[in-house]
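FYI, it's all coordinate maths here, none of it is from the lab. Note that this is a predicted model, so its numbers are computed, not measured. Cβ placement follows ideal geometry from the backbone for every residue including glycine, while neighbour counts extend to all protein chains displayed.
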Amino acid sequence: MAEQTTGAPIEPWLREILRCPACRSGLADADGAAGPELHCTNADCGLQYRIDDGVPVLLVDEARKPA
Ligand SMILES: [Zn+2]
């Protein structure tokens, strides 16, 4: 099994198909206080999802809202 060390927190193909469960917008890689995160690209939504062991937690209840 090849190990990728590109620095991407999740696989690019996976991020491509992931959508914000709240608004269906795309997600972008971001750096959070506790590690890599995925942030909704919709400025009106902007929810921030954490990534646990490479698995994005795309739950609205678990997401952080922007300040
Ligand atoms: Zn959203």
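Summary of computed values
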read-out: Residue ID - farthest from the ligand (Cβ to nearest atom), chosen from residues in the range 20-39 that are surrounded by fewer than 13 Cβ atoms within 10 Å (Cβ to Cβ) and of a type in the set (D, E, K, R); value: 31
read-out: The range 5-57 - residue that is of a type in the set (S, T, N, Q) and part of a loop (DSSP other than H, G, I, E, B) and, of those, farthest from residue 67 (Cα to Cα); value: 5
read-out: Restricting the range 40-67 to residues that are within 11 Å of the ligand (Cβ to nearest atom) and aliphatic (A, V, I, L, M), the residue that is nearest to residue 10 (Cα to Cα); value: 58
